[in-house]
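**Student:** For reference, the structure I am asking about is given below.
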Amino acid sequence: MNLVLLGPPGAGKGTIAGIVREKLGIPHISTGDLFRAAIKNETPLGLKVKAILASGELVPDSVTVDMVRERIAQSDCRNGMILDGFPRTVFQADELAKMVKVDHVVNFSLSEESVVKRLSGRRMCVSTGKIYHIIYNPPKVEGKDDETGEPLIQRDDDKEDAIRNRLKVYQESTEPLITYYRDKGLLRTIDASATPDAVAESFLSAVTVSG
Ligand code: ADP
Ligand code: AMP
């Protein structure tokens, strides 16, 4: 099953993918995580995209599509995948349609006010990728990853200016995909304002009930 997660930054896509991926038995592919790994490892791709991520702009379509094509050719994707953060433009969606058959697109619906609260309190562990929130999902020990004890970081693009820019970029470039996928009969909208477990449950019913 090939799933696409749609919705504003901070709606909880990565958190929910982390909960449902084992139940569904398919990998969670986050283009944001792939770019951040490239930046951390200082690869040529990482050097090219570092300033773009920090500003909250989108990486050029051709660079993003090539990276995704390479990732989904790997053997763990043969039974499907959960795509998180891709596609983000109509061009990327058209390219994805040439690569795989998309079964469901789950749109995470959340007010802008909640999105800003979630993004400004988000913290993450760079090596495990685990996502926390200082109020809604705090680590056991303040500022440290539950598993490894490594220090948690605040993403550069979770600071106020970049958050505002990312929301604008979302509205201009990504929101049109709601209509794009609704017109194809693939869109399932879920209320992302509930607790993570409740959102994960709505997610699973949206992708397991056909029609
Ligand atoms: P996205 O992948 O859509 O950008 P994340 O999964 O990283 O969003 O979540 C953004 C922030 O909101 C994180 O700090 C996360 O801990 C928190 N969060 C995610 N889902 C919920 C939820 N259902 N209720 C409260 N906070 C949440
Ligand atoms: P995310 O982790 O999904 O919030 O993505 C973080 C950043 O990575 C975005 O603000 C963009 O700069 C970049 N990015 C992630 N996915 C894409 C994509 N599909 N197209 C272009 N840029 C992307």
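**Student:** Report the full-extension gain for the segment residue 172 to residue 47: residue separation times 0.36 nm, less the Cα-Cα distance, to one decimal in nm.
**Tutor:** Length gained between residue 172 and residue 47: 42.4 nm.
**Student:** So, one more: Rounded, prolate or oblate: pick one for the stretch 1-61, where a ≥ b ≥ c are the square roots of the eigenvalues of its C-alpha gyration tensor, a/c under 1.5 means rounded, and failing that, prolate if a/b is larger than b/c, else oblate.
**Tutor:** Verdict is prolate for the stretch 1-61.
**Student:** Give me the one-decimal nm value for the distance between modelled label points at residue 75 and residue 90, 7 Å along each residue's Cα-to-Cβ direction.
**Tutor:** 4.0
**Student:** How much mean residue ellipticity at 222 nm does the chain get from its helices, if each DSSP H run of length 4 or more adds -39500 (n - 2.57) and you divide by all residues, to the nearest 500 deg cm²/dmol?
**Tutor:** Value at 222 nm, helices only: -13500 deg cm²/dmol.
**Student:** I've got another one for you. With a cut-off of 18 Å, note down the residues of the stretch 177-199 whose backbone N falls inside the zone around a label point 7 Å from the Cα of residue 100 toward its beta carbon.
**Tutor:** Of the residues in the stretch 177-199, 181, 186-188 have backbone N under 18 Å from the label point off residue 100.
**Student:** Looking at the square roots a ≥ b ≥ c of the eigenvalues of the Cα gyration tensor of the stretch 122-197, which shape do they give, rounded for a/c under 1.5, prolate if a/b is larger than b/c, or oblate?
**Tutor:** Judged from the Cα gyration tensor, the stretch 122-197 comes out prolate (a/c at least 1.5, a/b above b/c).
**Student:** How many angstrom lie between the Cα centre of the stretch 1-66 and the Cα centre of the stretch 76-144?
**Tutor:** That distance is 7 Å.
**Student:** Going by a ≥ b ≥ c, the root eigenvalues of the Cα gyration tensor, does the chain fall in the rounded group (a/c under 1.5), the prolate group (a/b larger than b/c) or the oblate group?
**Tutor:** In terms of gyration-tensor shape, rounded.
**Student:** What order do 78, 123 take when sorted by accessible area (1.4 Å probe), most exposed first? List each step's numbers first, then the result.
**Tutor:** Numbers: 78 180, 123 60 Å².
Heavy-atom accessible area, descending, gives 78, 123.
The values are calculated or read from the model by the stated rules, or taken from the named source; none is laboratory data. Here the structure is a predicted model, which is why all the values come from computation and not from measurement. Virtual Cβ from ideal backbone geometry, glycine too; neighbours counted across all protein chains shown. Accessible surface is based on the protein model in full, side chains and every heavy atom, while ligands, DNA and RNA are left aside. Shrake-Rupley method; radii C 1.70, N 1.55, O 1.52, S 1.80 Å.
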